[in-house]
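This report refers to the structure that appears directly beneath it.
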There are 2 protein chains.
Amino acid sequence: MGNGTQLIRQENLHIQAYEYIKSAVIAGEIEPDTLYSVHQFATILGVSRTPVREALLLLVQEGLLTMDRNRGFRIRQLTGSDLSEIISLRRMLEIPAVETLASMTPAPVTAFAEARMLYDKLQEAADKGDFLQFLSLDRRFHLTLVGALGNSRLTRLVGELRDQMQLPGIRRLSISGELHTQGPEHLALLTAIQDADPGRAAAIMKSHLDRTQADWA
Amino acid sequence: MGNGTQLIRQENLHIQAYEYIKSAVIAGEIEPDTLYSVHQFATILGVSRTPVREALLLLVQEGLLTMDRNRGFRIRQLTGSDLSEIISLRRMLEIPAVETLASMTPAPVTAFAEARMLYDKLQEAADKGDFLQFLSLDRRFHLTLVGALGNSRLTRLVGELRDQMQLPGIRRLSISGELHTQGPEHLALLTAIQDADPGRAAAIMKSHLDRTQADWA
DNA sequence: GTTTCACATGTAGCATGTTACTCACTTGGA
DNA sequence: TCCAAGTGAGTAACATGCTACATGTGAAAC
């Protein structure tokens, strides 16, 4: 059968299902502690069970979901030790990343410009209290910076780790109040990098991670 | 533990297929530049195409294989920039890892003992010129050490990065001659860690990665 | 009241049928 | 000889049928 309204849709269904479900998980549209079946998602997406199952298996491997045999799939609940594992990895990756970024010659000015633009939008979202938008822009801000290093595996990895931290299991509320404290921190980081001050950039990143861990404990 | 004694074998077929194909890839039993079909593996393993396809998709996500739409699957060819990405990540992860390892109190003596045992076997394999055995023990040696840190995500990640480096695309020969130069390096690393000398351990790890990158260029 | 057990329900898991695509090869015309 | 359209084999990709299993429920046995 034809592809409906899409002129050319060259992307596999399981990829599309993967993107959709992943977004839903991160946006919090999926209930924790609730079992979801392949059939449910297949019905929602209007495709058969096969590509949906494939997508779910990828998400399990990525650590966003867990699988209960013959029961269904559910959002992974992070424990405290999961969190420290993730934060520990982020320390190893993101601190050297911003250091290197601040030392690059020539400086990746286009990435800086884009990060600056994202920061502006970020502040806007913080003012409006638009939590989801804030999270999305926060993610893009950091991935833009890390991406300027040109290491695609690093960029992807950092993204995955950040995504995992959006999972429930740890208290995630009260962040609404932190929206405005986070803003200046982003700007300070960007400024330090643009000033080619690796030490300051690293220190900001480190304190950010420290505080994140403390907050979620 | 050993599933020989296990009465019922309750592991999903796609997991078993995943393990099997991954081993085959790393052991070099799979020809590079050759397209393999789901059907081929399914026939070899004596199962249907579904779990095999699921396994292959996981391996694609992991970066060991690539997928040619409507053509088949093949081993991923690493380019020079792939290699530098991987080495760069390994630097960020493995150097801090051995540093931390050397600073741990109490020291993880059981892991040290196991690493020492693996080192002995490693030397034995090097003497015999058993290349595959050497690679397998080398992998276990490093993962045992990293595993002692207790960060399961880190351990898994390091393992995946090392696996990717076993892929062809870069000259991998002449390593036979290096088998004996690698041996002492392993011992030096282990000794530095056991001596609680983070700086020395880090230096050894760093030079190892530098040399690895230079060799493969 | 408590335990046991048969059964109904819904699911993952696997097998298999079907479709549509890619590409090597052939064929025919200039 | 060259090139272009045609075609056929093989494949991923998707849909669907079927099986085994985990679990909740309720009646029967104690």
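The values are calculated or read from the model by the stated rules, or taken from the named source; none is laboratory data. It should be emphasised that the depicted structure is a prediction, and the values quoted were computed from it without experimental measurement. FYI the Cβ positions are ideal-geometry reconstructions off the backbone, even for glycines, and counts take in every protein chain you see.
Take segment B:82-133 and flag every residue that is within 11 Å of another protein chain (Cβ to nearest Cβ) and touching a His at 6+ places or on another chain (Cβ under 8 Å).
Of everything in segment B:82-133, just one residue is within 11 Å of another protein chain (Cβ to nearest Cβ) and touching a His at 6+ places or on another chain (Cβ under 8 Å), namely B:94.
Report yes if some residue within segment B:86-95 is among the hydroxyl-bearing types (Ser, Thr, Tyr), under 30 Å from residue A:91 (Cα atoms), modelled with pLDDT under 95 and away from DNA strand D (no atom under 16 Å from the Cβ); otherwise report no. Steps first, please.
Step one: filter segment B:86-95 for residues among the hydroxyl-bearing types (Ser, Thr, Tyr), giving B:88.
Then keep just the ones that are under 30 Å from residue A:91 (Cα atoms); that gives B:88.
Among the residues that remain, those that are also modelled with pLDDT under 95 are: none.
No, segment B:86-95 contains no residue that is among the hydroxyl-bearing types (Ser, Thr, Tyr), under 30 Å from residue A:91 (Cα atoms), modelled with pLDDT under 95 and away from DNA strand D (no atom under 16 Å from the Cβ).
Sort out which residues of segment A:19-58 are of a type outside the set (A, V, I, L, M, F, W, C), within 13 Å of chain B (Cβ to nearest Cβ) and either over 23 Å from the mean Cα position of the chain (by Cα) or part of a loop (DSSP other than H, G, I, E, B) (or both), and write them in order of number.
Across segment A:19-58, the qualifying residues are A:48, A:49, A:50, A:51.
Between B:90, B:69, which is surrounded by fewer than 20 Cβ atoms within 10 Å (Cβ to Cβ) and not β-branched (Val, Ile, Thr)? Write out each step before concluding.
Working: B:90 fails: surrounded by fewer than 20 Cβ atoms within 10 Å (Cβ to Cβ).
Matching residue, one of B:90, B:69: B:69.
Condition first: at pLDDT 95 or above and in contact with a Gly (Cβ under 8 Å, 6 or more places away or on another chain). Can you find one or more residues in segment A:137-150 that meet it?
First, pick out the residues of segment A:137-150 that are at pLDDT 95 or above: A:140-150.
Within this subset, residues satisfying the condition of being in contact with a Gly (Cβ under 8 Å, 6 or more places away or on another chain) are A:143.
There is at least one residue in segment A:137-150 that is at pLDDT 95 or above and in contact with a Gly (Cβ under 8 Å, 6 or more places away or on another chain).
Name the residue that is nearest to the other protein chains (Cβ to nearest Cβ), counting only residues in segment A:59-74 that are within 6 Å of DNA strand C (Cβ to nearest atom) and in contact with a helix residue (DSSP H, G or I) (Cβ under 7 Å, 6 or more places away or on another chain).
Step by step, filter segment A:59-74, then rank; the result is A:67.
Which of (1) under 30 Å from residue A:211 (Cα atoms); (2) in contact with a helix residue (DSSP H, G or I) (Cβ under 8 Å, 6 or more places away or on another chain); (3) away from DNA strand C (no atom under 15 Å from the Cβ) does residue A:21 not meet, given it meets every other one?
Evaluating residue A:21 over (1) under 30 Å from residue A:211 (Cα atoms); (2) in contact with a helix residue (DSSP H, G or I) (Cβ under 8 Å, 6 or more places away or on another chain); (3) away from DNA strand C (no atom under 15 Å from the Cβ) leaves (3) as the failure.
Among the residues that make up segment A:97-106, is at least one of them surrounded by 15 or more Cβ atoms within 10 Å (Cβ to Cβ) and within 11 Å of DNA strand D (Cβ to nearest atom)?
no
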